[in-house]
Amino acid sequence: MSADRAEIVDLATMPLRQLNLALHRLRPDTNQTLWRIANPRGRHSVAVGVDVPVTIEIDGHVGYYCAGMNKQATVIVNGNAGVGVAENIMSGTVHVKGDASQSAGATGCGGTLIIDGNASARCGISMKGVDIIVRGSVGHMSAFMAQAGSLVVLGDAGESLGDSIYEARLYVRGKVQGLGADCVEKPMTDHHKAKLARKLTTAGIAGIDIGQFRRYGSARRLYHFHVDNVY
């Protein structure tokens, strides 16, 4: 198959297990670099565990854990995504053109997750290096126990943003309903503005006033034991 020709898979006729098996069998030098998936119909675990630099475009809504454990691949969802999209992503890019449910990008270690719509609760929970960019808003407890990486929100954030955060960086353009334990607002320096601008450019977002964003991170009060924190 030539590199400019898409491999078409219709999940109305092909079992999902067969699709994932075919993706797992791909080698790094494959010429099957473009895949189009039709009729996902909310199925769970579509295109999980891909470990080759291919592009997978899914035409429709997906269920739980789409593109989980992604490594190297670019996965595009032309619809909404269920719980845990791009969970434990290692590298590559996952782009959801609609909304995402809870725990988007959970425990992600690297790569980029882009959500054009809104993300529900616990977006970026326990993330460990992934960059998450949400054009809309995020729900409560987003970036809970976030260890590394960044969460960029162009809309609003719900309650308990960054609860028990470690060293991840949070950028929010809209309103924050409330900050979680040990999460505080921090200065937005030129250094941080430049880094944020690069992340938005990577996500294909232009024409945004960086000055509208506020930065949040750890106050580092929970790093060490203190008797006053014992309940």
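The values are calculated or read from the model by the stated rules, or taken from the named source; none is laboratory data. Every value quoted in this text rests on a predicted model; they were computed, and no experiment measured them. A quick note on method: Cβ atoms are made from the backbone with ideal geometry, for glycine too, and the neighbour counts reach across all protein chains shown.
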Those strands (runs of 3 or more DSSP E) completely within region 1-68 that have 3 or more residues that are more than 19 Å from Thr112 (Cα to Cα) are 7-10, 34-38
Practice problem: Can you confirm whether region 69-78 contains a residue that is at pLDDT 95 or above, of a type outside the set (A, V, I, L, M) and crowded, with 19+ Cβ neighbours inside 10 Å? | Solution: yes
#### Entry: Test result for Ser126, part of a loop (DSSP other than H, G, I, E, B), out of contact with any Gly (no Cβ under 6 Å at 6 or more places or on another chain), small (Gly, Ala, Ser) and modelled with pLDDT of 95 or more
yes
Asn88: passes all of (1) surrounded by fewer than 18 Cβ atoms within 10 Å (Cβ to Cβ); (2) assigned to a loop (DSSP other than H, G, I, E, B); (3) out of contact with any His (no Cβ under 6 Å at 6 or more places or on another chain) but (1)
Taking region 100-117 and the residues there that are more than 8 Å from the chain's Cα centre (by Cα) and not polar (S, T, N, Q), the one that is nearest to Gly84 (Cα to Cα) would be Ala100
Gly105 passes all but one of the listed conditions (1) in contact with a Lys or Arg (Cβ under 9 Å, 6 or more places away or on another chain); (2) within 20 Å of Ile76 (Cβ to Cβ); (3) among the small types (Gly, Ala, Ser); the exception is number (1)
Selection over region 158-174 where residues are in contact with a Cys (Cβ under 9 Å, 6 or more places away or on another chain) and surrounded by 24 or more Cβ atoms within 10 Å (Cβ to Cβ) yields a count of 4
Inside region 136-168, the number of residues satisfying the requirement of being under 14 Å from the mean Cα position of the chain (by Cα) and not in a loop (DSSP other than H, G, I, E, B) is 7
Over region 193-212, the set of residues surrounded by 15 or more Cβ atoms within 10 Å (Cβ to Cβ), touching a residue at least 60 places away in the same chain (Cβ under 8 Å) and either over 16 Å from the mean Cα position of the chain (by Cα) or in a helix (DSSP H, G or I) (or both) is Lys199, Leu200
